[in-house]
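Below you'll find the structure I mean.
The values are calculated or read from the model by the stated rules, or taken from the named source; none is laboratory data. Computed from a prediction, not measured in an experiment: that's the story for all the values here. Glycine also receives a Cβ, built like all others from the backbone with ideal geometry; neighbour counts cover every protein chain displayed. In case anyone asks, the SASA skips ligands and DNA or RNA and just uses the protein heavy atoms, side chains included. Shrake-Rupley method; radii C 1.70, N 1.55, O 1.52, S 1.80 Å.
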Amino acid sequence: MNSWITPIKKTPLSRVVMNSIKEGILSGSLKPGEFLPSESEIASSFGVGKSSVREAMKMLEAIGYIEVSKGNGYKVRTTADPGILNPFVFQLVLENNESRDDLLAFRKVIEISASMLAMEKATDEDFEKMKANIDITEEHMEEGISTFEDDCAFHEIVYASTHNPYLRIIGDAITELFRPSLKKSNENHSDLVLEDHKAIYKALRKRDKDAVTAAINNSLSRWYILSLS
């Protein structure tokens, strides 16, 4: 048998249906809020059984592309469900144990880039949110309350301050991925976390590119040593 001849992998029909509908959503052919045809119509169009369509719908619902509207069938989601595990996050979780150094490099690239844009785009309201977050973190530290959620919120505010929906979504996914390590940092070194946030906030507010880069690098180096090593 010739070496270039290899068996063709069989793809489950449910996955073929799922990928086609997903491509329709991503291309814009299926709009947010638009109802999908009935299971019978989809099955007829693809030439597959209803069971394959039903399985495709379950997968699309599980990854957050569609939702059930009681009495009306499935429709394309208009908003993200925070209770659904983002597929991007899941892929990052799978890679999470491969290399701590790669993880640090990845986070540096994303966070420094996002912070540079936040430095340019942040409004007075954005800076007020950062300062309010720092103030409440200090209060929680004094009261002995966990600062873990405050830490996550600070990062989300910075990403939101880019006023770029793509970076905000990626930022939220990254924050979700790093929640276990952020929790560890706040349990043992909340004072250092707060110190880093103050430095980042100060640099962003001054719109000082070098200071922002230095603050992010220092913060991530601490995170690496305290939470990943």
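Which one of Ile145, Ile170, Ile174, Ile136 is among the β-branched types (Val, Ile, Thr), within 13 Å of Glu111 (Cα to Cα) and either open to solvent by 40 Å² or more (accessible area, probe 1.4 Å) or more than 20 Å from the chain's Cα centre (by Cα) (or both)?
Ile170
Determine which member of the set Lys75, Lys50 is modelled with pLDDT of 85 or more, open to solvent by 70 Å² or more (accessible area, probe 1.4 Å) and of a type in the set (Lys, Arg).
Values: Lys75 fails: open to solvent by 70 Å² or more (accessible area, probe 1.4 Å).
Result: Lys50 is the single residue among Lys75, Lys50 that is modelled with pLDDT of 85 or more, open to solvent by 70 Å² or more (accessible area, probe 1.4 Å) and of a type in the set (Lys, Arg).
Enumerate the pairs (first residue in the stretch 50-69 and in a helix (DSSP H, G or I); second residue anywhere and open to solvent by 40 Å² or more (accessible area, probe 1.4 Å)) with beta-carbon separation below 6 Å, excluding pairs fewer than 6 apart on the same chain, so at least 6 apart or on different chains.
So the pair list comes out as Lys50/Glu39; Ser52/Leu13; Val53/Glu39; Met57/Tyr74.
Within the stretch 147-226, considering only helices (runs of 4 or more DSSP H) that don't extend past its boundaries, which have at least 1 residues that are of a type outside the set (D, E, K, R), at pLDDT 95 or above and under 21 Å from Met116 (Cβ atoms)?
Values: elements: 148-160, 165-177, 179-206, 209-223.
Answer list for the stretch 147-226: 148-160, 179-206, 209-223.
Can you tell me which residue is modelled with the lowest pLDDT among those in the stretch 1-28 that are over 22 Å from the mean Cα position of the chain (by Cα) and of a type in the set (D, E, K, R)?
Step by step, filter the stretch 1-28, then rank; the result is Lys9.
Out of the stretch 148-160, which residues are aliphatic (A, V, I, L, M) and open to solvent by 40 Å² or more (accessible area, probe 1.4 Å)? First the steps, then the outcome.
To start, the set of residues in the stretch 148-160 that are aliphatic (A, V, I, L, M) comprises 153, 157-158, 160.
Answer for the stretch 148-160, where residues must be aliphatic (A, V, I, L, M) and open to solvent by 40 Å² or more (accessible area, probe 1.4 Å): just Ala160.
Also, quick follow-up: Let me spell it out: the conditions are (1) surrounded by 16 or more Cβ atoms within 10 Å (Cβ to Cβ); (2) under 22 Å from the mean Cα position of the chain (by Cα); (3) within 24 Å of Asn218 (Cβ to Cβ), and Asn164 meets all of them except one. Which number is the exception?
Looking at each condition in turn, Asn164 falls short on (3).
With the requirement that a residue be in contact with a strand residue (DSSP E or B) (Cβ under 8 Å, 6 or more places away or on another chain) and part of a helix (DSSP H, G or I), what does the stretch 22-37 give you?
Ile25, the sole residue that qualifies.
Does at least one position in the stretch 199-217 carry a residue that is within 25 Å of Asp102 (Cα to Cα), open to solvent by 10 Å² or more (accessible area, probe 1.4 Å) and among the polar types (S, T, N, Q)?
Within the stretch 199-217, one or more residues are within 25 Å of Asp102 (Cα to Cα), open to solvent by 10 Å² or more (accessible area, probe 1.4 Å) and among the polar types (S, T, N, Q).
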